[in-house]
Amino acid sequence: MPPPPSLVIQVAVPVPLDQSFAYSVPAGFEGRIEPGCRVLVPLGSRKLIGVVVGASSDEPGPRIRPITRVLDEEPALSPELLDLGRWLAGYYCAPLGEVLKTMLPLAGESRRSKRAVLTPEGLLRARKHGDPAQRTDLTGQVLRALVKRPLNHSYLKRKLPGSASVIETLRKKGWLALDEVVEDRKSVRAGNAALNVTPVTADPRPLRRLTSAQRTAVDTISASVAGRQFRTFLLHGVTGSGKTEVYLRSIDKVLREGKSCLFLVPEISLTPAAASEFHGRFGEQVAILHSAFTDPERSGQWRRVREGKARVVVGTRSSVFAPLEDLALVVVDEEQEGGYKQDEAPRYHGRDVAIVRARAAGATIVLGSATPSLESRYNVERGKYELLQLPERIAGRPLPKVRIVDMRTEFVETRRPDLFSRALDDAIRQRLEERQQVILLLNRRGFSSFVMCRKCGKRIECRNCSVTLTHHRRHGKLLCHYCDYSQPVPAECPDCKSGHLYFVGSGSEKVEDHLRKRFPKARIARLDRDSVRGRGQYEAILHGFREGGYDILCGTQMVAKGHDMPNVTLVGVVSADIGLGMPDFRAAERTFQLLTQVAGRAGRGKMPGEVVLQTWSPDHYAIRFAAAQDYEGFYRKELHFRRMLHYPPFVATATLTVRSRKLEESLSLSSRLGQHLKEGAPAVRIQGPAAAPLAKLKSEFRYLFLLKARSRKSLAATLRRAKSFAQENRWPATALVTDVDPISLL
């Protein structure tokens, strides 16, 4: 409903304040404004794009500033999406204006305009009455311009003064049509994303025969959709069990009923594979949404969705805000992945927002994974989710055999600190001789982990962050993986000037180098953020490997995610325990998930697979259960640990991070906040303040609070108290960071 004739509206603007602002509506704009429309408004000395959220109770007057311009002919956000934005702002303690900005794909003004285009009859008549290029009158000039291409109506009238009457005459004759189009005027143009991908459309392929477990899953999901019931299913299927086919069959039935679907993937890098599958099955009904698109590409896809031309949206976490009508099914693939959590304000989790959106729409939601998050699996026990299982691989293929190699024993027996064990070396050699393919994982970028002086022990650290710099040999530099600061590799120690520098540890670049020396005839590709820079490189590497252009694919966790390579019979993990030392209670869960996922890349074709896990911690339960491919065993063990130490899923958590470029200020602010919070929060356990594990990040000193509560209401109240305290004491807007349901405690 448009605001009542008070001529004052409430506008949410993207500033770090928990309030909207009142603005008056100048004459002539009244009928064009509805909640969800974007408007350009003055705020202080700036002009910002905000979203109308409703009518204001304020009276018009000189203190109420008018809006500058209306940017939309129709609301950019529907009432349903506005409600979702309000929920998100409340749950994640985020300013509504920043939330609504995140939900919108467009940076500038959109407007409707008319485009002049010759009709088929007009084109025929123009040529019949003489070559337009030879005509010099105004009609000839109009025809000559439009024969080349359609033109904006306003542009044509400006280009050819006096042509308005000619255009109208041609329109009445049926020679010319004025089509209404929507254009975007960009106030800001986004730069290219660091990782650009290009979806590749696959040819339609015949439907696979479903296993009995797949058929049960599809039937159950379809029945829920047909009943327009909000139900949450956890689809737990081992790697290679055919979860994607379950998704596609379920979506096909939804489309046959004229409804819409949303399919989420955790990372941009997984979008091309999903897009290929979906375009091959559903053609032009599919829209792709992710942040690597340019502004025009993204807004074009967004409009196809809003106009109903695309009823299936495939994309990353921000796609959860796609303007789909008649939403009947939501699928969150690899629901356990941290990529669904946004690490900048507003810090929402795409999976959880998807559940809320599905509930509001009366839609069915499916969370799929081979290694479900503990929270999702526990929700099955609580009765909030329903479990669907795919316990076997398709075509009866066996899971790969997994071998643990104790690197301590390996060193004692060989007396050499080699990157590859004898078992892994022999297994690679055998696969190369048999013309089979190999995947090797080392989940660390670079060549060496850090550089240390042998004489004084100095480690070369980032000047902006409290971390050591990683050695990237190919580029001859030391790089910080948090702030991107880099410097050349020094010839001597910066402290004692000794030339005895020691390069410690290994990364994916060293794995590639080691492979090329050990197997000089092998064709090797590396997949990590350093090797994938230009548009389409990620998919090009994977396509080359899939088509047999490479024998070995090595890299970071990017090699573990969702790839179906039938000729891969060996997966090697160079250091299986690399993530266990992280100061985070989810370290074991992430290690188990990554090892299980990468192991699942082996043996997906006709030949059986083998996995070699090299580790210095062979008795750790995460590695043992991953080797046994025993999810239930790991789940029970980890659940006991979480219960004993009061971690999710048994409590709700949030973090408060106080940060400043001055160490003394950060310490002082966090100390005062801690005293304030502990005076009145008996239902919330507050740990801290303590220096964050990454005590300095991007030149800011950081102190961390960890909040735990059984009641989300109590937790939210404490977070509001913290924000109010910061605002009342005039803290800088960036000094306090709130993160609800954090996935990292760094």
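The numbers here are math on the coordinates, done by the rules we state, and not lab data. Quick caveat: nothing in here was measured; it's all calculated off a predicted structure. For neighbour counting, all protein chains shown are included, and Cβ atoms are generated from backbone atoms with ideal geometry for every residue, glycine included.
Could you list log10 I(q)/I(0) for region 519-624 at q = 0.10 Å⁻¹, which the Debye formula gives when each Cα is one point scatterer?
-0.31
If I take the Cα coordinates of region 444-590 and project them onto the principal axes, what are the three extents in Å, biggest first?
53, 39, 30
Please get the size of the charge dipole for the chain, origin at its Cα centre, with Cβ charges of +1 on Lys and Arg and -1 on Asp and Glu, quoted in debye to the nearest 20.
1140
Which far-off residues, 5 or more places away or on another chain, put their amide H under 5 Å from the one on residue 604, with H placed in the peptide plane?
Result for residue 604 returns 568.
Apply the Karplus parameterisation 6.51 cos²θ - 1.76 cosθ + 1.60, with θ equal to phi minus 60°, to every residue of region 575-583 and state each ³J(HN,Hα) to the nearest whole Hz, in sequence, with x for glycine and proline.
Karplus-based 3J(HN,Hα) across region 575-583 equals 9, 5, 9, 4, x, 6, x, 5, x Hz.
Whole number please: convex hull volume per residue of the Cα set in region 212-394, in Å³?
Convex hull of Cα atoms, per residue: 112 Å³.
Using the number of other C-beta atoms within 10 angstrom as an exposure proxy, rank 407, 607, 103 with the fewest first.
607, 407, 103
Taking the number of other C-beta atoms within 10 Å as the exposure measure, put 414, 239 in order starting with the fewest.
414, 239
Let me have the 222 nm mean residue ellipticity of the chain computed from DSSP H runs of 4+ only, each contributing -39500 (n - 2.57), with the sum over all residues rounded to the nearest 500.
So the helix-based figure for the chain works out to -10000 deg cm²/dmol.
Please report the equivalent ellipsoid semi-axes of region 537-599, computed as sqrt(5 x eigenvalue) of the Cα gyration tensor, largest first, in whole Å.
Semi-axes from the Cα gyration tensor: 26, 11, 10 Å.
Would you compute, for the Cα atoms of region 208-258, the largest minus smallest coordinate along each principal axis and list the three values in descending order, in whole Å?
Largest to smallest, the principal-axis extents are 30, 22, 15 Å.
To one decimal place, what Kirkwood hydrodynamic radius in Å is obtained for region 8-104 from all pairs of distinct Cα atoms?
Roughly 13.3 Å, rounded to one decimal.
Got a sec? How would 172, 341, 401 order by Cβ neighbour count within 10 Å, fewest to most?
Placing the least packed residue first, the sequence is 172, 401, 341.
Would you mind getting me the FRET efficiency between residue 219 and residue 621? Use the beta-carbon distance for r and R0 = 35 Å, nearest 0.05.
Here the calculated transfer efficiency is 0.45.
I'd like the isolated cysteines in the chain, meaning no second cysteine's beta-carbon lies under 4.7 angstrom from theirs.
37, 93, 261, 483, 554
Check cross-link reach from residue 157 to the lysines: straight Cα distance under 18 Å, and skip same-chain residues fewer than eight apart.
Those lysines meeting the cut-off are 114, 148, 172.
State the Kirkwood hydrodynamic radius of region 311-436 in Å, one decimal place, computed from all pairs of distinct Cα atoms.
Every distinct Cα pair counted, the radius reaches 18.8 Å.
For region 212-394, compute the number of Lys pairs whose alpha carbons are separated by less than 24 Å, excluding pairs fewer than 8 positions apart on the same chain.
Within region 212-394, the lysine pair count is 7.
So if we plug the beta-carbon distance of residue 436 and residue 564 into 1/(1 + (r/R0)^6) with R0 = 22 Å, what FRET efficiency do we get, rounded to 0.05?
Rounded to the nearest 0.05, the efficiency is 0.90.
Please state the Cα pair-distance histogram of region 652-740 with 10 angstrom bins from zero: what percent is in each bin?
That works out to 18, 55, 25, 2, in percent per bin.
With the crude spin-label approximation of a point 7 Å out along Cα→Cβ, what separation in nm comes out for residue 730 versus residue 698?
Each label point lies 7 Å from its Cα, and together they span 2.6 nm.
Starting from the Cα of residue 665, step 7 Å along the direction of its Cβ; do the same at residue 172; then give the gap between the two resulting points in nm.
Between residue 665 and residue 172, the label points sit 7.0 nm apart.
Per 10 Å bin, what is the whole-percent P(r) computed from every C-alpha pair distance within region 417-458?
Pair shares across the bins are 20, 34, 26, 14, 5.
How big, in percent, is the set of alpha carbon pairs in the chain lying more than 52 Å apart?
In whole percent, the share of Cα-Cα pairs in the chain beyond 52 Å is 20.
Whole number please: convex hull volume per residue of the Cα set in region 327-401, in Å³?
130
Check the straight Cα-Cα distances from residue 458 and name the lysines below 25 Å, setting aside those fewer than 8 residues away within the same chain.
In chain and number order, the partners are 477, 497, 510, 662, 696, 698.
Hey, for a label at residue 297 modelled as a point 7 Å past Cα toward Cβ, could you say which residues of region 265-285 have their backbone N under 14 Å away?
268-273, 275-276
If the cut-off is 20 Å between C-alpha atoms, which lysines fall inside it for residue 401, apart from same-chain ones fewer than 8 positions away?
The qualifying lysines are 561, 606.
When the gyration tensor of region 448-505 is built from Cα positions, what are the square roots of 5 times its three eigenvalues, in whole Å, from largest to smallest?
18, 12, 10
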